[in-house]
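Asks: The structure that follows is given in the form of C-alpha cells.
What follows is calculated from the coordinates using simple rules that are stated; it is not laboratory data. Nothing here was measured: the structure is a model prediction, and the numbers come from that model. Because the Cβ atoms are built from the backbone with ideal geometry, glycine has one as well, and the counts that use them run over all protein chains shown.
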Amino acid sequence: MPIGVFDSGLGGLTVQQAISARLPDQAVVYLGDNKHAPYGVRDHEQIYQLTQTAVERLWQEGCDLVIIACNTASAVAVKRMQETWLPKDKRVLGVFVPLIEAVTERQWGDNSPPREVDVKQVALFATPATVATRAFQRELAFRAIGVDIEAQPCGGLVDAMEDNDLELAEALVQSHVAALLRRMPNPQAAVLGCTHYPILKNSFQAALGDHVEVYSQGSIVAESLSDYLVRHPEFAESGGVRFMTTGDAKKVSTAATRFLGKQIVFNSA
Ligand code: DGL
C-alpha cells in the first residue's frame, strides 16, 4: 500500500523527497493541508482536529501508514492519536523521535534508559506551537542525560516560506538565530525542528557558524522509515508518488515547484 506523507503545507516535501530518494520504488501519497497552513500559530485542539481529518483523507487513498511530516502536528497530535484514536490496523509515525535518536546517537527504536551523550548544548528552532509543547525536551530527556536545550520559536518563518518570500525568510533566520545565540552563545548542535526549514539550512548554518552541527529531518526520517519497513514489510508497496492539496492545486503546484526547485504537480484532495 502507498505510504501517506502529511504536512500542513509545503514543508513535508523535504521529507517526501528524502523518502523517495532513499526508497525510490515505494508508492507515496503526499497531502498538504495548504488551505489551513500554517499550523504553528493555531491552538492545540485545532491542530489535532486538522491532523485527524488529514490522516482520514490519506486512509481513503489506501495509506495505512502515515508519516506526519510536520513537527507541529507530530508534537501536538501523534501521541494522542496513537493512544486514543488509531484503529489497530493503522499507524501514524511522527518526525520527532528519529531526529532525537540521531542527535543522541541511538539505533532506531532503541528504548533503553537515558544515558550521557557527547552533545551538551542544543539549539532548537521550531514553530511557536511546537516550542510550546516542549515535546522535543521531553523526548530528549527520555534518551539523554545532561543536555541543555534552548528553543527559539521562529514566528513568521513558515508564512514567509509558504508565500515564497525567501528574502523575508532569510532575514527572519538571521534574527531568530541572533536571538537564540544571546541566550545560548555556544551551541554544539542545532536542530531544525520544522520540516520547512531544511530549505534554509545554509542560512541557518551561516548564521550559526560552521562549528555547529545542524540536524534536519529529511534523510534521518527516510533512514528510520527504511528500517521500519524492513520490520513491517506489510506497509511497503511499489508505485509512484502523487501530490494532493486541500488548497488551490494550481497555486500550490507553482509554490511547490519554486520551493523545491523542481517541477511538482498537485491535484485537489
Ligand atoms: N512544516 C511544519 C512543521 O514542521 C510547519 C508547521 C506550520 O504549518 O506552521 O512544523
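Asks: Which residues, taken from segment 97-117, are closer than 24 Å to Leu181 by Cβ and in contact (Cβ under 8 Å) with a residue 60 or more places away in the chain? I'd like the intermediate steps shown before the answer.
Replies: Let us first name the residues in segment 97-117 that are closer than 24 Å to Leu181 by Cβ, namely 99-100, 102-104, 117.
Selection gives Leu99, Ala102, Val103.
Asks: Okay, next question. Just to confirm my filter: which helices (runs of 4 or more DSSP H) fall fully inside segment 111-206 and include at least 1 residues that are away from the ligand (no atom under 14 Å from the Cβ) and touching a Pro at 6+ places or on another chain (Cβ under 9 Å)?
Replies: Hits in segment 111-206: 135-141, 166-183.
Asks: Taking Phe259 and the conditions (1) surrounded by 18 or more Cβ atoms within 10 Å (Cβ to Cβ); (2) closer than 18 Å to Ile68 by Cα; (3) in contact with a Leu (Cβ under 7 Å, 6 or more places away or on another chain), which numbered condition does it fall short on, given that it satisfies the others?
Replies: Every condition holds for Phe259 apart from (2).
Asks: Another question about this same structure. With the requirement that a residue be within 16 Å of Val29 (Cα to Cα) and assigned to a helix (DSSP H, G or I), what does segment 222-256 give you?
Replies: Once the filter is applied, which keeps residues that are within 16 Å of Val29 (Cα to Cα) and assigned to a helix (DSSP H, G or I), segment 222-256 yields Ala222, Leu225, Phe235, Ala249, Val252, Ser253, Ala256.
Asks: Here are some conditions: (1) over 28 Å from Asp148 (Cβ atoms); (2) surrounded by 13 or more Cβ atoms within 10 Å (Cβ to Cβ). Cys194 meets all but one. Which one does it not meet?
Replies: Result: Cys194 fails condition (1) only.
Asks: Inspect segment 54-70 for any residue being of a type in the set (Lys, Arg), more than 16 Å from the ligand (Cβ to nearest atom) and either assigned to a loop (DSSP other than H, G, I, E, B) or surrounded by fewer than 16 Cβ atoms within 10 Å (Cβ to Cβ) (or both) and give the result as yes or no.
Replies: no
Yes/no matrix, rows are residues, columns are (1) buried (at least 19 other Cβ atoms within 10 Å of the Cβ); (2) among the β-branched types (Val, Ile, Thr):
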| position | (1), (2) |
| --- | --- |
| Pro113 | no, no |
| Asp118 | no, no |
| Ala123 | yes, no |
| Thr127 | yes, yes |
| Ala135 | yes, no |
| Leu140 | yes, no |
| Ala151 | yes, no |
| Cys154 | yes, no |
